[in-house]
Amino acid sequence: MALLQVLDGGPAAGLESVCSLLKRTHPHLHVSKHKLRQVEGAELVRLKRAQGGQTLGFSSRPFVLCGLPVRRLPANQLLFERRNGRFVLQLTGHPDYGVPFGQDRIVPIFLATLAVQQKSQVIRFRSASEMLETFGMHKGGKEYRRLIGAFERIFGATIFFGTDPLKPGAKVVHRSRFNFLREATIWYNRDENQPALTEAFENVIVLSDEFYQEIVEHPIPTDMDAVRVLSSAPAILDLFMWLSYRCFAAKSEELVPIFGPRGLAAQLGNVEYARPRRFREKLEEWLRAIHGIWPECPARISADGSALIVNRAAAVAPAC
């Protein structure tokens, strides 16, 4: 009855009142505002995909094949490694800032997207809040400080990406050691009432030659609306990006081992799980979230739990 009275109050009562009422009267049915935003975001992703109106973004190959750490590494650990088949990614953090982790992974996506859109190694954007808006993040002191930390870790990191140098008989296809950025001038704090910015206030980032070349030669398209929904869930975002690429590259149904040196667990940036069963449970949870925004995703865990089954599919639909 109380719920009907709230609804009868019209739009003014709104979603906030319904959520508040559920929290008081039926705590087990309460859905947080964060969950509601995620559901709304997932619906938007599906709708825009069906209509051929996806917002296109780009990522770079090393960080699609191999994920950054999901969580902050111990202070004394400055080397992080992931392997995908013959490829190996080694990330070395700066002693003062550490290794990039968590939501830091959206910075390379943002930079790669602007580099492709602007067709330039020198990329420009008007405000730090533009990046927060791109990924649906709140504009406030906490998020700005997090953004500053992310750029410090990204700027200070050194990346090695190539074929495994320790594998006997390995044929080198590509091997490179590089930094993300060569130079960066970023204005983090700015009066919101300030008039249109001049050239002096632009944020300017110069990508390193190697990082820019990697983006130009291997731009990996992605659905930016999906990335926005998953930006606060790095492990799921890693799997979504990986599946988007892996399913597009698949010629037919393929099995990817979950464990072992060539397994999925060695490729994603997730933390290590003591028990394989625990990782499979998390993998099932991540797949459910991905199917929520990409229902046609053909990925599933094999009946014996040893492999992930993938098939050819496209997460980024061609424009109508």
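The values are calculated or read from the model by the stated rules, or taken from the named source; none is laboratory data. What you see is a predicted model; the values in this text were computed from it and never measured. Here Cβ is always computed from backbone atoms with ideal geometry, including for glycine, and neighbour counts include all displayed protein chains.
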### Query
Limited to the range 130-153, what total is found for residues that are free of Cβ contacts under 8 Å to residues at least 12 places away in the same chain and buried (at least 20 other Cβ atoms within 10 Å of the Cβ)?
0
### Query
Just to be sure, is residue 269 of a type outside the set (Lys, Arg), at pLDDT below 95, out of contact with any Cys (no Cβ under 7 Å at 6 or more places or on another chain) and closer than 16 Å to residue 84 by Cα?
yes
## Note on the structure
Among residues of the range 215-263 being more than 13 Å from the chain's Cα centre (by Cα) and small (Gly, Ala, Ser), the residue nearest to residue 55 (Cα to Cα) is 249
### Query
Residues in the range 41-67 that are small (Gly, Ala, Ser) and outside any strand (DSSP E or B): how many?
6
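Take the conditions part of a loop (DSSP other than H, G, I, E, B), surrounded by 17 or more Cβ atoms within 10 Å (Cβ to Cβ) and at pLDDT below 95 and apply them to residue 70. Does it pass? Outline the logic, then answer.
On the way: part of a loop (DSSP other than H, G, I, E, B): yes; surrounded by 17 or more Cβ atoms within 10 Å (Cβ to Cβ): yes; at pLDDT below 95: yes.
Taking the combined requirement at face value, the residue satisfies it.
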### Query
If the Cβ limit is 7 Å and pairs must be 6+ apart or interchain, which residue in the range 235-250 that is charged (D, E, K, R) pairs with which residue that is in a loop (DSSP other than H, G, I, E, B)?
238/67; 238/268; 238/269
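Conditions (1) assigned by TED's automatic domain parsing to the domain that holds residue 161; (2) at pLDDT below 95; (3) more than 20 Å from residue 56 (Cα to Cα), marked per residue:
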| site | (1), (2), (3) |
| --- | --- |
| 75 | yes, yes, yes |
| 81 | yes, yes, yes |
| 84 | yes, yes, yes |
| 102 | yes, yes, yes |
| 111 | yes, yes, no |
| 120 | yes, no, no |
| 124 | yes, yes, no |
### Query
Would you pick out the residues in the range 67-86 that are more than 18 Å from residue 97 (Cβ to Cβ) and more than 12 Å from the chain's Cα centre (by Cα)?
81, 82, 83, 84, 85, 86
